[in-house]
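Presented below is the structure to which this report refers.
The values are calculated or read from the model by the stated rules, or taken from the named source; none is laboratory data. Bear in mind the structure is a predicted one, so any value in this text is a computation, not a measurement. Virtual Cβ from ideal backbone geometry, glycine too; neighbours counted across all protein chains shown. Just so you know, the surface numbers come from the protein's heavy atoms only, side chains and all, with ligands and any DNA or RNA stripped out. Shrake-Rupley method; radii C 1.70, N 1.55, O 1.52, S 1.80 Å.
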Amino acid sequence: MNNSAIQMVSKEVYRRFPDFSGVKPKVQAQKSPAGAFVEKTYLLTFHLNARLSAEKVLPRWVRVVVDESGKILKISTSR
């Protein structure tokens, strides 16, 4: 996956989830089922720890599945 596609997806995540602005994604290639002809997809994972109070921290995740061109196929988030 090229760098410009990662930046394009990151901009969309930052727009939808402003808390994640500036967080760099972890990029993983996803495996296709054996024998299946499926376009190559990638999983981009954004993670941060949101501070609720002085002693409480809430881990937050945004997972984005994209195709090789950078088209977003699915976005999911933790609470």
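The numbered conditions (1) of a type in the set (A, V, I, L, M); (2) touching a Leu at 6+ places or on another chain (Cβ under 6 Å); (3) without any contact (Cβ under 8 Å) to a residue 12 or more places away in the chain are all true for A54 except (2).
Only one residue in R63, R16, R51 is open to solvent by 90 Å² or more (accessible area, probe 1.4 Å) and under 10 Å from the mean Cα position of the chain (by Cα), so which one is that? Even if it seems obvious, please write down each step before you answer.
Values: R16 fails: under 10 Å from the mean Cα position of the chain (by Cα); R51 fails: under 10 Å from the mean Cα position of the chain (by Cα).
Being open to solvent by 90 Å² or more (accessible area, probe 1.4 Å) and under 10 Å from the mean Cα position of the chain (by Cα) holds for just one of R63, R16, R51, which is R63.
Test of understanding: among T45, T41, which residue is within 19 Å of R79 (Cβ to Cβ) and surrounded by 11 or more Cβ atoms within 10 Å (Cβ to Cβ)? Exactly one residue qualifies, and that residue is T45.
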